[in-house]
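The values are calculated or read from the model by the stated rules, or taken from the named source; none is laboratory data. Computed from a predicted model, the values in this text were never measured in an experiment. Cβ atoms come from the backbone with ideal geometry, glycine included; neighbour counts cover every protein chain shown.
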Amino acid sequence: MNRSGELVEIRNLQRYEKENEPIYKLKPAGSYRTTTFTGEHPIYLKDKGFVKMKDVKKGDWLSIPNRYRPYYPENKFKNGLEEILWKWPRGYWDNGSEATAMFFYFLGLFVGDGFTNINGNSYDVYMSIGKQESEFAEYYDTLVEKIFERKCIKVRGDREQTRRFTDKELVEFLNKEFGHTAYKKRVPDWIKEAVPSLRRAFIQGYLDTDGSVFYDRGKIRANFTSVNLELLEDI
């Protein structure tokens, strides 16, 4: 991958025969990722260009390409995603439809406040909704019925508005693509590579669950909160 985030062919393959060579671990500030390099590995810095890993210092600014910037404007997804997700939403699966945007919005909600549960032959999708969020709960009921043709069941109605509905294939899909615990959730690449309108729909769903918008010193700011740093990096 080059500095612009494009995949390119290797033009000059350099090999080194070394033994007991020092290695260096690089962990960008605010990141959960740690990468190991040999000392001569080139690292691209914002104000210095390429430098050897052994010469990188605390306080240097890494310049990291955005490999998700290119998106696919055609009414199809990369790598045959239509075949993977043919079932949702029913009969409307393409990059441009309103129903597909609703589905991406649902996925954002699920990543924020959703979870799955398998109990015997019952495969259930839950959405945690607060006691005072009656309007949102009613909207969620409508959303699920439109996309999945399922009726939601109200859970613990005396204390909260949490919803549940059953769909085995959807539960298996959500667990495989997004994970099913707060610490293991992630955003798959096909979300990041979707057209901007669908990416925005997904982020809107996550904002409506684990986010907030507020006015601060003349600016409107959006915050996201999670115990999962990898998930926040994905967002």
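Quick notes on this structure:
- Residue list for region 14-73, filter: assigned to a loop (DSSP other than H, G, I, E, B) and of a type in the set (Gly, Ala, Ser): Ala29, Gly30, Ser31, Gly39, Gly59, Ser63
- Options Glu135, Glu193: the member that is farther than 21 Å from Thr116 by Cα, surrounded by 19 or more Cβ atoms within 10 Å (Cβ to Cβ) and at pLDDT below 95: Glu193
Table: residues versus (1) surrounded by 16 or more Cβ atoms within 10 Å (Cβ to Cβ); (2) at pLDDT 55 or above; (3) among the polar types (S, T, N, Q).
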residue: Glu83; (1), (2), (3): no, no, no
residue: Trp93; (1), (2), (3): yes, no, no
residue: Met102; (1), (2), (3): yes, yes, no
residue: Leu107; (1), (2), (3): yes, yes, no
residue: Phe110; (1), (2), (3): yes, yes, no
residue: Gly114; (1), (2), (3): yes, yes, no
residue: Met127; (1), (2), (3): yes, yes, no
residue: Lys131; (1), (2), (3): no, yes, no
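- Residue ranges of helices (runs of 4 or more DSSP H) in region 109-219 with at least 3 members among the β-branched types (Val, Ile, Thr): 134-148
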